[in-house]
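Below: the structure, in structure tokens.
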Amino acid sequence: MSFANKVAIVTGAGQGIGFHICRKLASQGAHVLLNDIDASLANKAATEIQNEKGDCLAMHGDCSSPDFIQQMVNDAVSKFGRLDVVVANAGITIYGDFFTYSPDSFFRVLQVNLGGSFFLAQSAANQMKQQNGGGSILLMSSVTGHQAHKNLSAYGMTKAALEMLAKSLVIELSPFRININAIAPGATLTERTLGEPGFAETWSRITPMGRPASVDDIANAALFLVSDKAKHITGQSLVVDGGWTSVSPSPY
């Protein structure tokens with residue numbers, strides 16, 4: 001897969017899955033706008049990619065804001081001339097018992113996970129439509145959109161909704177040769193989960209393939225779905241979980 005001279009935006013990419021998607025895109029020739037709400041994380045991540053000879057521009061900001069999203073798209077086009085690939089990776093997890101879950105937590109999860117992804121797809125698609133050259137959009141779902149997880153009802157709801165969004169937008173985006181898909185990662189070893197006691201051991205035990213996913217497992221799947229090799233794949237959701245959703249043993 002080559003992304004030579006393709007222009008990509010990846011949100012929530014200061015570390016973890018998003019960072020590794022940026023890194024792989026840049027290593028294959030893409031011009032990458034790397035977003036994170038944390039300026040220090042975004043700058044550090046972009047510098048690391050630049051040190052590996054990749055073309056990467058850091059842009060920090062809250063990608064749940066439609067105004068900021070439009071600014072990102074405008075800046076990508078201003079800097080690189082066009083927009084070809086968008087990965088709506090940013091999302092937040094706010095755990096909580098259903099009986100006491102607060103309205104503030106509920107609406108923040110919806111604002112970031114759903115609103116941010118919806119309006120990023122909208123802004124990117126409008127730009128791609130104007131360019132008249134097609135494009136690829138990828139949404140980041142989760143296995144929690146397929147199987148129930150304790151204290152993650154609001155989060156899981158947003159992830160299931162993103163998969164429906166990918167299906168729904170096929171109707172409106174296909175005439176402009178824009179494909180849209182979703183990835184649903186299972187348990188993945190990231191900076192956050194590596195700090196959770198017992199995470200790797202538990203998910204190694206209950207995952208049929210014998211280990212949690214690595215960030216490269218998810219990034220490799222993402223790159224395929226936004227590559228030219230996947231142009232006829234659209235409206236689909238790809239679960240990357242080592243087989244966990246096929247058997248779904250509880251981690252609790």
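The values are calculated or read from the model by the stated rules, or taken from the named source; none is laboratory data. Bear in mind the structure is a predicted one, so any value in this text is a computation, not a measurement. Reconstructed Cβ throughout: ideal geometry from the backbone, glycine too, with neighbour counts over all protein chains shown. Heads up: the accessible areas ignore ligands, DNA and RNA and are worked out on the full protein's heavy atoms, side chains in. Shrake-Rupley method; radii C 1.70, N 1.55, O 1.52, S 1.80 Å.
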Among residues of region 51-96, those that are over 18 Å from the mean Cα position of the chain (by Cα), crowded, with 19+ Cβ neighbours inside 10 Å and part of a helix (DSSP H, G or I), counted
1
Considering only residues that are more than 17 Å from Gly81 (Cβ to Cβ) and basic (Lys, Arg), look in region 1-48 and name the one that is surrounded by the fewest Cβ atoms within 10 Å (Cβ to Cβ).
Lys44
I'm trying to understand the selection: among the residues of region 137-159, which are without any contact (Cβ under 8 Å) to a residue 60 or more places away in the chain, hydrophobic (A, V, I, L, M, F, W, C) and in contact with an Asp or Glu (Cβ under 9 Å, 6 or more places away or on another chain)?
Leu139
Mind checking whether some residue in region 100-115 is part of a loop (DSSP other than H, G, I, E, B), open to solvent by 50 Å² or more (accessible area, probe 1.4 Å) and not aromatic (Phe, Trp, Tyr)?
no
Of the conditions (1) at negative phi; (2) more than 15 Å from the chain's Cα centre (by Cα), Asn181 clears all except one; give me its number.
(2)
Would you be able to say whether some residue in region 195-212 is in contact (Cβ under 8 Å) with a residue 40 or more places away in the chain and in contact with a helix residue (DSSP H, G or I) (Cβ under 6 Å, 6 or more places away or on another chain)?
no
Would you please list the contacts, defined by Cβ atoms under 8 Å and residues six or more apart or on different chains, that run from a residue in region 234-252 that is closer than 20 Å to Glu196 by Cβ to a residue that is acidic (Asp, Glu) and assigned to a helix (DSSP H, G or I)?
Val240/Asp217
Among the residues of region 122-143, how many are open to solvent by 20 Å² or more (accessible area, probe 1.4 Å) and either modelled with pLDDT under 95 or on the phi > 0 side of the Ramachandran plot (or both)?
1
Could you please find all residues in region 222-247 being of a type in the set (S, T, N, Q) and either closer than 29 Å to Ile9 by Cα or open to solvent by 40 Å² or more (accessible area, probe 1.4 Å) (or both)?
Ser227, Thr234, Gln236, Ser237, Ser246
Yes/no for Phe199 being in contact with a Ser or Thr (Cβ under 6 Å, 6 or more places away or on another chain) and either open to solvent by less than 30 Å² (accessible area, probe 1.4 Å) or hydrophobic (A, V, I, L, M, F, W, C) (or both)
yes
